[in-house]
Amino acid sequence: MVYTEEYIKEKLTKELDAVHVEVIDDSDGCGAKFSVLVVSDKFQGKPLLARHKLVNSVLQEELKTIHAFSQKALTVEQWKK
(Lines give C-alpha, C1' and ligand atoms only; values in the text may rest on other atoms or scores of the structure.)
Protein backbone atom coordinates (compact mmCIF):
# COMPACT_ATOMS: atom_id res chain seq x y z
CA MET A 1 0.00 0.00 0.00
CA VAL A 2 1.15 3.53 -0.76
CA TYR A 3 0.65 5.88 2.17
CA THR A 4 -0.23 9.54 1.79
CA GLU A 5 0.63 12.60 3.85
CA GLU A 6 -3.03 12.89 4.86
CA TYR A 7 -3.28 9.25 5.97
CA ILE A 8 -0.21 9.52 8.21
CA LYS A 9 -1.32 12.89 9.57
CA GLU A 10 -4.76 11.60 10.51
CA LYS A 11 -3.39 8.48 12.17
CA LEU A 12 -0.79 10.34 14.24
CA THR A 13 -3.30 13.03 15.23
CA LYS A 14 -5.84 10.47 16.38
CA GLU A 15 -3.54 8.01 18.14
CA LEU A 16 -1.34 10.57 19.90
CA ASP A 17 -4.02 13.21 20.58
CA ALA A 18 -1.66 15.53 18.73
CA VAL A 19 -2.38 19.24 18.70
CA HIS A 20 -0.27 19.74 15.57
CA VAL A 21 1.06 17.36 12.92
CA GLU A 22 3.00 18.18 9.78
CA VAL A 23 3.78 15.44 7.25
CA ILE A 24 5.93 15.89 4.16
CA ASP A 25 6.26 13.21 1.50
CA ASP A 26 9.91 13.59 0.53
CA SER A 27 9.60 10.86 -2.11
CA ASP A 28 7.69 12.89 -4.71
CA GLY A 29 4.43 11.09 -4.04
CA CYS A 30 5.44 7.43 -4.03
CA GLY A 31 5.01 7.17 -0.24
CA ALA A 32 8.45 5.75 0.52
CA LYS A 33 10.03 8.65 2.41
CA PHE A 34 8.40 10.92 4.98
CA SER A 35 9.36 13.67 7.41
CA VAL A 36 6.99 14.43 10.28
CA LEU A 37 6.60 16.93 13.08
CA VAL A 38 4.30 15.78 15.88
CA VAL A 39 3.27 17.97 18.82
CA SER A 40 1.51 16.17 21.66
CA ASP A 41 1.07 16.37 25.42
CA LYS A 42 1.69 12.60 25.46
CA PHE A 43 5.39 13.41 25.04
CA GLN A 44 5.49 15.37 28.30
CA GLY A 45 8.16 13.99 30.64
CA LYS A 46 9.43 11.47 28.09
CA PRO A 47 12.98 11.51 26.73
CA LEU A 48 13.46 11.90 22.97
CA LEU A 49 14.02 8.19 22.34
CA ALA A 50 10.77 7.29 24.12
CA ARG A 51 8.90 9.88 22.05
CA HIS A 52 10.27 8.44 18.82
CA LYS A 53 9.36 4.92 19.92
CA LEU A 54 5.82 6.11 20.63
CA VAL A 55 5.49 7.60 17.14
CA ASN A 56 7.02 4.47 15.59
CA SER A 57 4.60 2.24 17.51
CA VAL A 58 1.64 4.14 16.06
CA LEU A 59 3.02 3.64 12.54
CA GLN A 60 4.34 0.11 13.10
CA GLU A 61 2.61 -1.44 10.08
CA GLU A 62 3.25 1.52 7.79
CA LEU A 63 6.98 1.59 8.60
CA LYS A 64 7.30 -1.91 7.13
CA THR A 65 6.98 -0.36 3.66
CA ILE A 66 8.21 3.20 4.26
CA HIS A 67 11.93 3.23 3.46
CA ALA A 68 12.95 6.50 5.15
CA PHE A 69 11.23 8.21 8.06
CA SER A 70 12.46 11.22 10.00
CA GLN A 71 10.60 12.79 12.87
CA LYS A 72 10.50 15.60 15.37
CA ALA A 73 8.42 14.87 18.45
CA LEU A 74 7.75 17.92 20.61
CA THR A 75 5.65 18.72 23.64
CA VAL A 76 3.18 21.59 23.29
CA GLU A 77 5.44 23.71 25.49
CA GLN A 78 8.49 23.08 23.27
CA TRP A 79 6.52 23.85 20.12
CA LYS A 80 5.31 27.18 21.46
CA LYS A 81 8.92 28.31 21.93
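Only residues that are more than 16 Å from F69 (Cα to Cα) and open to solvent by less than 80 Å² (accessible area, probe 1.4 Å): list them for the range 1-30, please.
Correct list: T13, L16, A18, H20.
Those residues that are among the hydrophobic types (A, V, I, L, M, F, W, C) and under 16 Å from K9 (Cβ atoms), I need them from the range 55-78; list them, please.
V55, V58, L59, L63, I66, F69, A73, L74
Does S35 satisfy the criteria of being surrounded by fewer than 17 Cβ atoms within 10 Å (Cβ to Cβ), part of a strand (DSSP E or B) and without any contact (Cβ under 8 Å) to a residue 40 or more places away in the chain?
Here the answer is yes, as S35 does meet what is asked.
Could you grab me the full set of residues in the range 46-81 that are part of a loop (DSSP other than H, G, I, E, B), open to solvent by less than 100 Å² (accessible area, probe 1.4 Å) and under 19 Å from H20 (Cβ atoms)?
Within the range 46-81, K46, L59, T75 meet the criteria.
The values are calculated or read from the model by the stated rules, or taken from the named source; none is laboratory data. Given the structure is predicted, the values throughout are model-derived calculations rather than measurements. Reconstructed Cβ throughout: ideal geometry from the backbone, glycine too, with neighbour counts over all protein chains shown. Only protein heavy atoms, including side chains, enter the accessible area calculation; ligands, DNA and RNA are left aside. Shrake-Rupley method; radii C 1.70, N 1.55, O 1.52, S 1.80 Å.
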